[in-house]
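Just below is one structure, and these are the notes that go with it.
Each reported figure results from applying straightforward, stated rules to the coordinates on display, with no laboratory input. Nothing here was measured: the structure is a model prediction, and the numbers come from that model. Note: ideal-geometry Cβ built from the backbone for every residue, glycine included; neighbour counts use all protein chains shown.
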Amino acid sequence: MNVISYAVGLCMCLATALAGQTVSRSDIVIRDPFIYCDKATGRCYLYGTGRTSDGKRGFDVRETSDPTLQTWSQLKPVWRKPDDFWGVWAYWAPEVFRYKDKFYLFATFEGPGRARAVQILAADSPRGPFHVHSPEPINGPEYFSLDGTLHIDKQGQPWMVYSREHVSIQDGEMRALRLKHDLTAPLEPLIDILLFKASSAPYAASWRNKEGQTCYLTDGPQMLRLSNGDLVLAWSTNNILPAPVHWGYTVSIARSVGGDVEGPWVHEGILYNGFAGHGQIFRHPSMGLVLSVHQPNSGGTPYPLFLPVYEDNCKLTMADPRTPGYVQAYWRFEDSTPGRNLLPSIDILDSSGRDNHLRGDAYNTTGSGSASVPARRITSTLRLNLGSYDNSEPPEQGVEARYLRSVDGSIETEKFSNWTVEVSLRPGSLSQRQVFLCRESVIDFALTSDGRVEVRLGGQRIVSRKALIADNWYNLAVACNGFKLKLYIDDGDGPKLDTAAELGSKPFELSNGRWFVGCARRDGKYADRYKGLLDEIRICSKALLPNAVLFARQADCH
């Protein structure tokens, strides 16, 4: 056995031995997830709002060296409430920062006769044990406040950025309070400035409290300095989502025009609208910028979700800036979670940047997430690939099919004579015809009962020579220049031409229609449900050559 083989074997043995000591991200129950990332070691520490390992008041931590943040240690205690500590309720949103060679934990507490407030704990390690550091809560007792986070300005001055709650003032505020350099208390004279009110964001949704007052939400502030030096603030508020959820919780971005905490601040818009919130954006040594949120915000058990974020022209975006301009929609399913059903009003992100997201129509019509993927990295982009869409479970009684659909975006109205559709799929049962992707009343991409790939368009039917085998991943590319269609099939060894067909003297055009993932949609009815996994669905307004598809071995990288 050579050295490399021995090392790989040893790592596999160690992974097997440790399997019982680790927890999958999808099995973690947490709100307000916060990551402290040790840049020197690459080790990450996860804190959040949730039950401790022993059920006592306090905070725990999970650790990982997994570069994908999908596997974590068991809970370990980092602080337990002393008998004389004032906080009895809340114990929300712990955040840990390294500052002057110590580690400081900011968290929200509430006690009898006192409004919610933030107090600071300290330790010599992110593993704790932490002790109470600030003698008193940082906020005064006049207003309910929460979600304190540390910010160090360009002059080295520490600030606590926090939310003043709608409970006290109806229109929630984002504020910044100047701290002493030892983080024990506010610095005198007191400077506690208003950054902005929640209602100043045009997308913030209001509601009426029991007294009939109009309220707006602010919470989860996180400061981030961009690579060009600009200062942005991620924060959460409510907004309106489509039926059947109606009520959303978003991660939004504000920018300091002045470049520092004093502002003035302007709203740039919603970064992530996935019924998830309390977002943190942090820099990871291998994944780059990552958004950490809990999802869903209500209506189900919350779990952590980690999504890639990019800087593009000095702005934050969930769209991959390396996506070629001819890509009209690209559904990667990285915002799905293995074993968890997709909520209908959670957007499955379109990473092309054209906002052609996917959604479900009801709680019992969407599939779930899966950790099985065709490859851990996409060959042409080298992007990590951590999740896929699982449409294999049968629909509930009275439901026609499980599916996802496009949502009133340009992908439903754009017409293409030159186009390519790419899909990665892992079929399950192959006992009947199954449509895995369609444009309503225009084109079907399907599997026949014997596992062959079938494309129906314009009255024609094209069938592959190769038959797919159940429970194996394949990457498909169907390219059309208007007059001729080519079907490429990749079973892990690169795309190979399987079938070519002439389409006639008049060019075939992908005309108007809604896209459906996981079934056919014809004459207002669902049919031919697909039973299996899907991933990396990309629709392009260009007939791609084999060296430009996603899984080409010598890819035309963009």
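Say R0 is 60 Å: what FRET efficiency, to the nearest 0.05, do Tyr99 and Ser417 get from their beta-carbon distance?
0.55
Can you classify segment 356-503 as rounded, prolate or oblate using the Cα gyration tensor, where a ≥ b ≥ c are the square roots of its eigenvalues, rounded means a/c under 1.5, and otherwise it's prolate if a/b beats b/c and oblate if not?
rounded
In debye to the nearest 20, how big a dipole does the chain give about its Cα centre with +1 on each Lys and Arg Cβ and -1 on each Asp and Glu Cβ?
Roughly 960 debye for the chain.
Taking 0.36 nm per residue of separation and subtracting the Cα-Cα distance, what length does fully extending Ser298 through Ala40 add?
Fully extending the segment from Ser298 to Ala40 adds 89.2 nm.
How do Ile35, Ile240, Ile462 rank when sorted from fewest to most other Cβ atoms within 10 Å of their own Cβ?
Neighbour counts put them in this order, fewest first: Ile240, Ile462, Ile35.
Helix 3-18 sits at what angle to the longest principal axis of the chain, using alpha carbons and giving 0 to 90 degrees rounded to 10?
Helix 3-18 sits roughly 60 degrees off the main axis of the chain.
What whole number of Å gives the distance from the Cα centroid of segment 287-335 to the Cα centroid of segment 143-188?
28 Å
Taking the Cβ of Asn209 as the center, what net charge do the other residues with Cβ under 15 Å away carry, scoring Lys and Arg +1 and Asp and Glu -1?
-1
In the chain, once you exclude exposed GluC sites (Glu not before Pro) (DSSP loop, at most 10 other Cβ within 10 angstrom), what's the longest stretch remaining?
Result for the longest clean stretch: 212-558.
Provide the FRET efficiency to the nearest 0.05 for the Val167-Ala375 pair, computing r from the beta carbons and using R0 = 51 Å.
It comes out at approximately 0.60.
Just to be sure I understand the model, the point goes 7 Å from the Cα along the line to the Cβ. What's the resulting Asp182 to Asp491 distance in nm?
Here the answer is 7.1 nm between the modelled labels.
By how many nm would the segment from Glu136 to Arg225 grow when fully extended, if each residue of separation counts as 0.36 nm and the alpha-carbon distance is taken off?
Roughly 29.1 nm would be gained on extension.
Ser449 to Glu268: FRET efficiency via 1/(1 + (r/R0)^6), r the Cβ-Cβ distance, R0 30 Å, to the nearest 0.05?
So, using R0 = 30 Å, E works out to roughly 0.05.
Among Gly532, Gly504, Leu550, which residue has its Cα positioned farthest towards the positive end of the charge dipole of segment 482-556, with +1 placed on the Cβ of Lys and Arg, -1 on the Cβ of Asp and Glu, and the dipole taken about the Cα centre?
Towards the positive end, the residue furthest out is Gly504.
What per residue convex hull volume, in Å³, do the alpha-carbon atoms of segment 22-318 yield?
139 Å³
So how do 96-102, 383-389, 514-520, 85-91 stack up, highest first, on mean other-Cβ count within 10 Å?
Top of the packing list down: 514-520, 383-389, 85-91, 96-102.
In nm, what is the difference between 0.36 nm times the number of residues separating Thr68 and Ser441 and their Cα-Cα distance?
Fully extending the segment from Thr68 to Ser441 adds 130.3 nm.
Which order results if Arg283, Arg340, Arg426 are arranged by neighbouring Cβ count within 10 Å, fewest first?
Arg283, Arg340, Arg426
For a test of the definition: using alpha carbon positions, the gyration tensor, and the 1.5 limit on a/c, classify segment 137-227 as rounded, prolate or oblate.
Note, shape of segment 137-227 comes out oblate.
Let me have the 222 nm mean residue ellipticity of the chain computed from DSSP H runs of 4+ only, each contributing -39500 (n - 2.57), with the sum over all residues rounded to the nearest 500.
Mean residue ellipticity at 222 nm (helix-derived): -1000 deg cm²/dmol.
Quick one: go through segment 162-185 and flag any residue whose amide nitrogen is under 11 Å from the point 7 Å out along the Cα-to-Cβ line of Ser206.
So the set is 171.
Could you compute the net charge surrounding Gly58? Neighbours are other residues with a C-beta less than 14 Å from the C-beta of Gly58; K and R count +1, D and E count -1.
+4
Quick one: which residues, 5 or more positions from Ala467 or on another chain, have an amide H under 5 Å from its amide H? H modelled 1.01 Å from N in the peptide plane, none for Pro or chain starts.
Sorted by chain and number, the residues that satisfy this come to none at all.
Could you size up the charge dipole of segment 22-318 around its Cα centre, putting +1 on the beta carbon of Lys and Arg and -1 on that of Asp and Glu, and report it in debye to the nearest 20?
It comes to approximately 440 debye.
Excluding residues on the same chain fewer than 8 positions from Lys197, give the lysines whose Cα lies under 29 Å from its Cα.
Lys154, Lys180, Lys210, Lys315
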